[in-house]
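See below for the structure under consideration.
The values are calculated or read from the model by the stated rules, or taken from the named source; none is laboratory data. All of these numbers come straight from a predicted model, not from anything done at the bench. Methodologically, a virtual Cβ is constructed for each residue, glycine included, from the backbone with ideal geometry; neighbour enumeration extends over all protein chains shown. The area values use the complete protein model at the heavy-atom level, side chains included, leaving out ligands, DNA and RNA. Shrake-Rupley method; radii C 1.70, N 1.55, O 1.52, S 1.80 Å.
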Amino acid sequence: MSEKVKIRIDHMGKKYDVENKALLFTKGNSAHDNFVGHESDYVLKNVNLEIKEGEFHIFLGASGCGKTTLLNIVAGFLNKTEGHVTLDDKEILGPGSERGVVFQNADSAIFPWLTVQKNVEYGLRMRGVKKDERRKIAFDALELVGLKGHENKYPDELSGGMKQRVQIARSIAANPEVLIMDEPFGALDAQTRRTLQDELIRIWKKTGKTILFVTHDIAEAVYLGENISIFSVAPDASIVDKIQVPYSYPRNINDEKIGEFIKYTTEKLENAIRSSKEKHEQKKLTASEDYEEEEAVSKIAV
Amino acid sequence: MRNIPRKIIKSGFISWVVLFVLWGIVSLFYTESFFPSPLETYKGFKEIVLNGKLLEDISISVQRVLLGWSRALLIGIPVGLLIGRFRIVNWFIEPFINFFRFVPAIGFLTLFLMWFGVGEESKLILITYASIFPIIINTIAGVNTINPVKYQAAESLGANKLQSFITVTVPGAVPSILTGARLGLSTAIISIVGAEMLAANSGLGYLVYTSRLYYRTDWIFVGIVTLGILGFFADKFLRFIAKKSLKHYGVTG
């Protein structure tokens, strides 16, 4: 890992989309229970982070905490409201091939009308790379993810784990500087997941890419990451804790020290969730007091 | 062995037998020129097969249908893709579509004759008009079913807007385009009668429309049955080809 900062997130904030605002102010809406009050319309607020070149970085947080929102901003699919998100000191304004994305659901991300080979060649084809060279690069990428011999199959002939490998190979073949992964192994069975985790570490070691990996699985975070960013819960979510995992690869998940570290990380995450819940409660209370006051005032007015 | 009766029922064979029997029974109560029996219809059929008239009518109508339908595909698919993908195109064109698709082709019959003459052109335009709306509307629907993640994937692999249109929008909409093409073909066949009602001197529509002048109700029946059979097999053929060649696009037949 070099000391060069690859991705910098600086005082970044993201408000809920204006179109969804009506939802946020609906009291008693189960999914948005916390979202009462006029100031609480930030999903992410004051997020600061530096990711070094070649780093394996994890975003860890509960479901709905805003980590995928941040990932989408880094990928360029969503616009931020304020602050800066830069790659090599250049502001990120949209998607780009220097940031490869591996999506959670391989079925919706890969192209079912293309063979495995063609899927993997896609990024190169868009860039106008010659056919022979495309084939060679795709071949290497497929070999790297262990899909040799499946080149001419169509995605519907592959298992879930193999489809996810196709997605990884497709991203690698396009040769991005950063690989952004959104809970890529979440939908796989435990066995396949473990295999793919090991392979991801191997691929990372071999290619030296910067990896940004989102997960809510604490064991996965500790098993894979060099650094873990812990998220509080939206609204007003941010990175509240950063942990460095002090163990070398390959890690043994059954190792006592790793087990202790998972416990330690769990506590950190629980703290983050608890304190943001308390904050939301506080806000809700103030908001409803305001509301009652307003109501009292309006009654008097009547 | 027990599967054989099931297969017969499933094939729709029994329905056809029942239909024929009912047809036969009903025709007993009426004269030939009012409601010809299956046998009388068969005789009429033999007559126009032997003198070559039916084949000529079929071939001219099939040509018209295919030409008009192909034009509808050529215009309708790109228009539908653009409307579905680009909101600005949608804002401009959709109001027209939602107005004109409720005006039946027959409504334009005399106008088209006036504007495009009594030759082939007016008939082709009528068929194209009739079949273009299901094609456009289904294509739009197809574009809307594409998962936005596919566009995100394409863009983060370096595709620009045009490339993602060609490599994601077009193939992603294929199953719905096919549905539109099938519906378009059936409306094209339906509209052939209207198109050949005026200013034609051959074709199945012409046969159906003019046979009443000679009290040849049996020929009308032949024309109707032929149209039904043509449509039935055209659709089967289209589905078969699509299922064979477009399986990976999500066409299930």
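Here are the numbers for the structure shown:
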| quantity | calculated |
| --- | --- |
| Cα shape, chain B, gyration tensor, a/c 1.5 rule | oblate |
| Positions from region A:155-191 whose accessible area shrinks by 20 Å² or more when the full protein complex is built, not the chain alone, probe 1.4 Å | A:Asp156, A:Arg170 |
| Derived scalar couplings ³J(HN,Hα) [region B:132-149; Karplus, 6.51 cos²θ - 1.76 cosθ + 1.60; whole Hz; x for Gly, Pro] | 6, 5, x, 5, 4, 5, 5, 5, 4, 4, x, 4, 5, 7, 5, 5, x, 4 |
| Accessible surface of chain A [probe 1.4 Å, protein heavy atoms]: carbon and sulfur percent | 48 percent |
| Lysine pairs within region B:45-249, Cα separation less than 26 Å, 8 or more sequence positions apart or different chains | 10 |
| Exposed GluC sites (Glu not before Pro) absent - longest run of chain A, DSSP non-H/G/I/E/B, at most 12 other C-beta within 10 Å | A:40-302 |
| Region B:27-62: chymotrypsin sites (Phe, Trp or Tyr not before Pro) in DSSP coil with no more than 13 other Cβ atoms inside 10 Å | B:Phe29, B:Tyr30, B:Phe34 |
| Heavy-atom accessible area ranking, 1.4 Å probe, most first, across B:Ser33, A:Ser229 | B:Ser33, A:Ser229 |
| Buried solvent-accessible surface, both chains (B, A), 1.4 Å probe, Å² to nearest 100 | 1900 Å² |
| Among A:Ala237, A:Ala187, A:Ala221: highest mean-square fluctuation, GNM of chain A, C-alpha pairs under 10 Å | A:Ala187 |
| Under 5 Å, built H, 5+ apart or other chain: amide partners of A:Asp236 | A:Tyr42, A:Val43, A:Leu44 |
| Residues in region B:143-158 occluded by at least 50 Å² - accessible area, probe radius 1.4 Å, against chain by itself | B:Val149, B:Lys150, B:Gln152, B:Ser156, B:Leu157 |
| Max mean-square fluctuation residue, GNM over chain A, Cα-Cα springs under 10 Å, options A:Leu179, A:Leu60, A:Leu188 | A:Leu188 |
| Among B:Phe237, B:Phe99, B:Phe108: highest mean-square fluctuation, GNM of chain B, C-alpha pairs under 10 Å | B:Phe99 |
| Most to least accessible of A:Lys45, A:Lys277, A:Lys90 (protein chains only, probe 1.4 Å) | A:Lys90, A:Lys277, A:Lys45 |
| Accessible surface, 1.4 Å probe, highest first, among residues B:Ile4, B:Ile77 | B:Ile4, B:Ile77 |
| Ellipticity estimate at 222 nm from DSSP helix runs (n ≥ 4, -39,500 (n - 2.57)) divided over chain B, nearest 500 | -24500 deg cm²/dmol |
| Portion, in percent, of the accessible area of region B:45-249 that falls on carbon or sulfur, probe 1.4 Å | 71 percent |
| Tilt relative to chain A, helix A:190-207 - C-alpha long axis, 0 to 90 degrees, to 10 | 70 degrees |
| Probe 1.4 Å, accessible area per residue of chain A, Å² | 48 Å² |
| Accessible area of region B:45-249 divided out per residue, in Å², using a probe of 1.4 angstrom | 50 Å² |
| Occluded residues from region B:225-253, i.e. those whose accessible area drops by 30 Å² or more once the chain is not alone (1.4 Å probe) | B:His248, B:Tyr249 |
| Heavy atoms of A:Asp156 accessible to a 1.4 Å probe, total area in Å² rounded to 10 | 100 Å² |
